[in-house]
Amino acid sequence: MSDSVRPARPHFKMTDDGRRMREVLSYTRRGARVTPKQAESWEAHADAWVIPDEAVDAPDFDLTSWFGREAPLVVEIGPGVGEATAALAAARPEVNVLALEVWVPGVADGLWRVAEAGADHVRFCSVDAAWLVEHLLAPGSVHEFWTFFPDPWHKKKHNKRRLVTPSFAHVVAERLEVGGLWRLATDWAPYAEQMIEVLDAEPLLTGGVVPRWDARPVTKFERKGLAKDREITDLTYRRV
(Lines give C-alpha, C1' and ligand atoms only; values in the text may rest on other atoms or scores of the structure.)
Protein backbone atom coordinates (compact mmCIF):
# COMPACT_ATOMS: atom_id res chain seq x y z
CA MET A 1 0.00 0.00 0.00
CA SER A 2 1.06 3.61 -0.43
CA ASP A 3 0.04 7.02 0.80
CA SER A 4 -1.52 7.85 -2.56
CA VAL A 5 -5.25 8.10 -3.03
CA ARG A 6 -6.79 4.63 -3.00
CA PRO A 7 -8.11 3.64 -6.46
CA ALA A 8 -11.81 2.95 -6.87
CA ARG A 9 -12.63 -0.70 -6.34
CA PRO A 10 -13.89 -2.86 -9.22
CA HIS A 11 -17.15 -1.88 -10.92
CA PHE A 12 -16.58 1.78 -10.04
CA LYS A 13 -13.75 2.70 -12.43
CA MET A 14 -14.37 5.44 -14.98
CA THR A 15 -12.32 6.99 -17.75
CA ASP A 16 -11.34 10.67 -17.58
CA ASP A 17 -14.23 11.54 -19.88
CA GLY A 18 -16.81 9.76 -17.71
CA ARG A 19 -17.15 6.43 -19.52
CA ARG A 20 -17.23 3.14 -17.58
CA MET A 21 -14.13 1.00 -18.05
CA ARG A 22 -14.58 -2.66 -18.97
CA GLU A 23 -12.65 -4.81 -16.51
CA VAL A 24 -11.43 -8.39 -16.58
CA LEU A 25 -12.43 -10.00 -13.28
CA SER A 26 -11.80 -13.48 -11.94
CA TYR A 27 -15.48 -14.07 -11.15
CA THR A 28 -19.05 -13.33 -12.15
CA ARG A 29 -21.70 -12.34 -9.65
CA ARG A 30 -24.28 -15.11 -9.65
CA GLY A 31 -27.89 -14.74 -8.56
CA ALA A 32 -28.55 -13.34 -5.12
CA ARG A 33 -31.77 -15.24 -4.33
CA VAL A 34 -31.55 -16.74 -0.84
CA THR A 35 -33.37 -19.62 0.84
CA PRO A 36 -35.31 -19.12 4.10
CA LYS A 37 -32.43 -20.74 6.01
CA GLN A 38 -29.92 -18.40 4.38
CA ALA A 39 -32.11 -15.38 5.12
CA GLU A 40 -32.40 -16.44 8.76
CA SER A 41 -28.64 -16.89 8.97
CA TRP A 42 -28.03 -13.48 7.45
CA GLU A 43 -30.43 -11.84 9.88
CA ALA A 44 -28.78 -13.54 12.83
CA HIS A 45 -25.11 -13.00 12.01
CA ALA A 46 -24.46 -10.50 9.20
CA ASP A 47 -24.28 -7.42 11.43
CA ALA A 48 -21.50 -9.00 13.48
CA TRP A 49 -19.59 -11.02 10.90
CA VAL A 50 -20.05 -9.37 7.47
CA ILE A 51 -17.95 -6.37 6.46
CA PRO A 52 -20.22 -4.29 4.17
CA ASP A 53 -18.93 -3.43 0.72
CA GLU A 54 -19.20 0.28 1.43
CA ALA A 55 -17.10 -0.01 4.59
CA VAL A 56 -13.93 -0.59 2.58
CA ASP A 57 -14.45 2.74 0.80
CA ALA A 58 -13.78 4.67 3.99
CA PRO A 59 -10.30 6.26 3.90
CA ASP A 60 -9.74 5.20 7.50
CA PHE A 61 -10.85 1.57 6.98
CA ASP A 62 -9.20 -0.63 9.62
CA LEU A 63 -9.58 -4.38 9.14
CA THR A 64 -8.41 -5.27 12.63
CA SER A 65 -11.26 -3.30 14.19
CA TRP A 66 -13.77 -5.63 12.52
CA PHE A 67 -12.30 -8.56 14.42
CA GLY A 68 -12.02 -6.73 17.71
CA ARG A 69 -8.59 -8.19 18.43
CA GLU A 70 -5.02 -8.43 17.18
CA ALA A 71 -4.23 -11.90 15.82
CA PRO A 72 -2.43 -13.52 12.86
CA LEU A 73 -4.50 -12.97 9.71
CA VAL A 74 -5.63 -15.76 7.38
CA VAL A 75 -7.31 -14.74 4.11
CA GLU A 76 -9.48 -17.24 2.27
CA ILE A 77 -10.30 -16.34 -1.33
CA GLY A 78 -13.52 -17.86 -2.64
CA PRO A 79 -14.85 -19.94 0.27
CA GLY A 80 -18.09 -20.74 -1.56
CA VAL A 81 -20.62 -21.92 1.01
CA GLY A 82 -18.05 -21.99 3.80
CA GLU A 83 -17.61 -25.73 4.35
CA ALA A 84 -13.82 -25.54 4.55
CA THR A 85 -13.94 -22.12 6.22
CA ALA A 86 -15.96 -23.35 9.17
CA ALA A 87 -13.90 -26.49 9.76
CA LEU A 88 -10.50 -24.86 9.36
CA ALA A 89 -11.37 -21.77 11.39
CA ALA A 90 -12.87 -23.82 14.22
CA ALA A 91 -9.60 -25.73 14.46
CA ARG A 92 -7.55 -22.52 14.58
CA PRO A 93 -9.16 -20.14 17.11
CA GLU A 94 -5.87 -18.24 17.48
CA VAL A 95 -6.12 -16.60 14.02
CA ASN A 96 -8.43 -14.03 12.42
CA VAL A 97 -10.00 -15.42 9.23
CA LEU A 98 -11.11 -13.07 6.46
CA ALA A 99 -13.29 -14.91 3.92
CA LEU A 100 -13.67 -13.11 0.57
CA GLU A 101 -16.75 -14.34 -1.33
CA VAL A 102 -18.74 -12.33 -3.87
CA TRP A 103 -21.71 -14.75 -3.97
CA VAL A 104 -24.07 -13.47 -1.28
CA PRO A 105 -26.06 -16.73 -0.82
CA GLY A 106 -22.71 -18.44 -0.30
CA VAL A 107 -21.86 -15.93 2.41
CA ALA A 108 -25.23 -16.59 4.04
CA ASP A 109 -24.48 -20.32 4.05
CA GLY A 110 -21.04 -19.64 5.42
CA LEU A 111 -22.51 -17.64 8.29
CA TRP A 112 -24.57 -20.50 9.68
CA ARG A 113 -21.73 -22.96 9.12
CA VAL A 114 -19.22 -20.91 11.11
CA ALA A 115 -21.89 -20.29 13.75
CA GLU A 116 -22.48 -24.02 14.13
CA ALA A 117 -18.72 -24.57 14.32
CA GLY A 118 -18.34 -21.88 16.97
CA ALA A 119 -15.89 -19.99 14.76
CA ASP A 120 -16.85 -16.43 15.65
CA HIS A 121 -13.41 -15.17 14.55
CA VAL A 122 -14.38 -15.30 10.84
CA ARG A 123 -15.37 -12.17 8.93
CA PHE A 124 -16.88 -12.24 5.43
CA CYS A 125 -16.56 -9.59 2.75
CA SER A 126 -17.93 -9.56 -0.82
CA VAL A 127 -15.50 -7.06 -2.33
CA ASP A 128 -13.32 -8.26 -5.22
CA ALA A 129 -10.50 -10.26 -3.65
CA ALA A 130 -7.74 -9.19 -6.03
CA TRP A 131 -8.51 -5.52 -5.37
CA LEU A 132 -8.84 -5.92 -1.62
CA VAL A 133 -5.62 -7.87 -1.23
CA GLU A 134 -3.68 -5.26 -3.18
CA HIS A 135 -5.16 -2.11 -1.70
CA LEU A 136 -6.29 -2.94 1.84
CA LEU A 137 -3.69 -5.41 3.12
CA ALA A 138 -0.26 -4.17 4.08
CA PRO A 139 2.90 -5.97 2.92
CA GLY A 140 3.88 -8.69 5.37
CA SER A 141 0.52 -8.58 7.15
CA VAL A 142 -0.94 -12.01 6.20
CA HIS A 143 -0.06 -15.27 7.94
CA GLU A 144 -1.70 -17.53 5.33
CA PHE A 145 -3.76 -17.37 2.15
CA TRP A 146 -6.20 -20.16 1.24
CA THR A 147 -7.43 -20.52 -2.35
CA PHE A 148 -9.35 -23.76 -2.75
CA PHE A 149 -10.93 -24.61 -6.10
CA PRO A 150 -11.00 -21.16 -7.71
CA ASP A 151 -13.02 -20.87 -10.91
CA PRO A 152 -10.85 -22.55 -13.60
CA TRP A 153 -12.48 -20.66 -16.49
CA HIS A 154 -12.32 -23.75 -18.68
CA LYS A 155 -12.57 -22.10 -22.11
CA LYS A 156 -9.26 -20.91 -23.52
CA LYS A 157 -10.69 -17.48 -24.35
CA HIS A 158 -11.61 -17.07 -20.67
CA ASN A 159 -8.25 -18.21 -19.22
CA LYS A 160 -7.28 -14.55 -18.75
CA ARG A 161 -9.93 -14.35 -16.03
CA ARG A 162 -8.23 -16.88 -13.80
CA LEU A 163 -7.24 -15.57 -10.39
CA VAL A 164 -3.72 -16.99 -10.27
CA THR A 165 -1.69 -14.77 -12.59
CA PRO A 166 1.88 -13.47 -12.33
CA SER A 167 0.73 -10.02 -11.18
CA PHE A 168 -1.63 -11.36 -8.51
CA ALA A 169 0.90 -13.93 -7.31
CA HIS A 170 3.39 -11.13 -6.72
CA VAL A 171 0.85 -9.11 -4.74
CA VAL A 172 0.00 -12.14 -2.58
CA ALA A 173 3.67 -12.89 -2.03
CA GLU A 174 4.32 -9.32 -0.88
CA ARG A 175 1.36 -9.44 1.54
CA LEU A 176 2.54 -12.66 3.18
CA GLU A 177 4.79 -12.45 6.22
CA VAL A 178 8.17 -14.12 5.78
CA GLY A 179 7.51 -17.83 6.20
CA GLY A 180 3.79 -17.35 5.51
CA LEU A 181 1.97 -19.88 3.35
CA TRP A 182 -0.30 -19.80 0.30
CA ARG A 183 -2.32 -23.02 0.20
CA LEU A 184 -4.16 -23.82 -3.03
CA ALA A 185 -6.16 -26.70 -4.49
CA THR A 186 -7.82 -27.34 -7.86
CA ASP A 187 -9.52 -30.22 -9.64
CA TRP A 188 -8.74 -28.83 -13.11
CA ALA A 189 -5.41 -30.16 -14.40
CA PRO A 190 -4.69 -27.32 -16.90
CA TYR A 191 -5.22 -24.77 -14.13
CA ALA A 192 -2.93 -26.73 -11.82
CA GLU A 193 -0.24 -26.56 -14.51
CA GLN A 194 -0.74 -22.81 -14.84
CA MET A 195 -0.60 -22.31 -11.08
CA ILE A 196 2.68 -24.21 -10.86
CA GLU A 197 4.19 -22.27 -13.77
CA VAL A 198 3.12 -18.92 -12.31
CA LEU A 199 4.05 -19.60 -8.70
CA ASP A 200 7.37 -21.26 -9.50
CA ALA A 201 8.31 -18.12 -11.41
CA GLU A 202 7.55 -15.78 -8.49
CA PRO A 203 10.91 -15.07 -6.78
CA LEU A 204 9.32 -14.35 -3.39
CA LEU A 205 7.74 -17.83 -3.21
CA THR A 206 9.08 -21.35 -2.93
CA GLY A 207 7.06 -24.56 -2.99
CA GLY A 208 5.03 -26.76 -5.28
CA VAL A 209 2.74 -29.78 -5.31
CA VAL A 210 2.18 -31.29 -1.86
CA PRO A 211 0.14 -34.15 -0.39
CA ARG A 212 -3.42 -33.24 0.42
CA TRP A 213 -3.62 -30.97 3.48
CA ASP A 214 -5.18 -33.24 6.10
CA ALA A 215 -6.92 -30.36 7.85
CA ARG A 216 -8.84 -29.36 4.71
CA PRO A 217 -12.25 -31.09 4.70
CA VAL A 218 -13.56 -32.79 1.57
CA THR A 219 -16.32 -30.43 0.48
CA LYS A 220 -19.37 -31.06 -1.67
CA PHE A 221 -17.65 -29.28 -4.54
CA GLU A 222 -14.57 -31.47 -4.25
CA ARG A 223 -16.68 -34.63 -4.15
CA LYS A 224 -18.25 -33.61 -7.46
CA GLY A 225 -14.81 -33.33 -9.00
CA LEU A 226 -13.80 -36.72 -7.65
CA ALA A 227 -17.02 -38.24 -9.00
CA LYS A 228 -15.93 -37.05 -12.45
CA ASP A 229 -12.53 -38.72 -11.97
CA ARG A 230 -10.70 -35.43 -11.76
CA GLU A 231 -7.37 -35.42 -9.98
CA ILE A 232 -7.14 -33.03 -7.04
CA THR A 233 -3.91 -31.04 -6.95
CA ASP A 234 -2.82 -29.44 -3.69
CA LEU A 235 -0.11 -26.78 -3.73
CA THR A 236 1.68 -24.94 -0.95
CA TYR A 237 4.08 -22.04 -1.42
CA ARG A 238 6.06 -20.29 1.28
CA ARG A 239 7.15 -16.64 1.39
CA VAL A 240 10.93 -16.46 1.41
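Which whole-number percent is the relative contact order of the chain (Cα, under 8 Å, 6+ apart)?
It rounds to 19 percent for the chain.
List the aspartates and glutamates whose alpha-carbon lies under 16 Å from that of Lys224, not counting same-chain residues fewer than 8 positions away?
Within reach: Glu83, Asp151, Asp187.
Just for the chain, what percent of DSSP beta bridges are antiparallel, to the closest 5?
40
Take the solvent-accessible surface of the protein heavy atoms, probe 1.4 Å, and return the percent of it on the chain that carbon and sulfur atoms account for.
The computed percentage sits at 53.
Using packing as a proxy for protection, rank 64-77, 184-197 so that the peptide with the highest average count of other Cβ atoms within 10 Å comes first.
The most tightly packed comes first, giving 184-197, 64-77.
In nm, to one decimal, how far is the Phe61 label point from the Phe221 one, both placed 7 Å along Cα→Cβ?
Each label point is offset 7 Å from its Cα along the Cβ direction, giving 2.2 nm.
Accessible area per residue for the chain in Å², computed with a 1.4 Å probe and the full protein assembly in place, what is it?
52
If you build the convex hull over the alpha carbons only and average its shadow over all orientations, what do you get for the range 82-189? Give it in nm² to one decimal.
With the hull built on Cα positions only, its mean projection is 7.4 nm².
Check which residues have an amide H placed less than 5 Å from Ala8's amide H, if you skip close sequence neighbours.
Placed amide hydrogens put nothing under 5 Å from Ala8.
Excluding residues on the same chain fewer than 8 positions from Lys228, give the lysines whose Cα lies under 23 Å from its Cα.
Output for Lys228: Lys155, Lys156, Lys220.
Would you work out the charge dipole size for the range 117-240 about its Cα centre, treating the Cβ of every Lys and Arg as +1 and the Cβ of every Asp and Glu as -1, and quote it to the nearest 20 debye?
Value, rounded to 20: 500 debye.
What would the Debye equation give as log₁₀ I(q)/I(0) for the chain at q = 0.12 Å⁻¹, counting only Cα atoms as equal point scatterers?
For the chain, the Cα-only Debye profile gives -0.68.
Would you mind giving the average projected area, over all directions, of the Cα convex hull of the range 189-238 in nm² with one decimal?
Mean orientational projected area (the range 189-238, Cα hull): 3.8 nm².
Give me the extension gain from Thr35 to Ala8: residue separation times 0.36 nm, minus the current Cα-Cα distance, reported in nm with one decimal.
6.5 nm
Taking the Cα centre of the chain as origin, sum charge times position over the Cβ atoms of Lys and Arg (+1) and Asp and Glu (-1), and report the length of that vector in debye to the nearest 20.
Using Cβ point charges on Lys, Arg, Asp and Glu, the chain gives about 1040 debye.
Compare the peptides 167-180, 50-63 by average per-residue count of other Cβ atoms within 10 angstrom and give them in order, highest first.
167-180, 50-63
Hey, could you grab the Kirkwood Rh for the range 54-120? Inverse mean 1/r over distinct alpha carbon pairs, Å, one decimal.
12.5 Å is the Kirkwood radius here.
The values are calculated or read from the model by the stated rules, or taken from the named source; none is laboratory data. As the structure is a prediction and not an experimental result, all values here were calculated from the model. Every residue, glycine as well, gets a Cβ built from its backbone with ideal geometry; the counts of neighbours run over all protein chains shown. Each accessible area value is taken on the protein alone, full model and side chains, heavy atoms only, with ligands, DNA and RNA left out. Shrake-Rupley method; radii C 1.70, N 1.55, O 1.52, S 1.80 Å.
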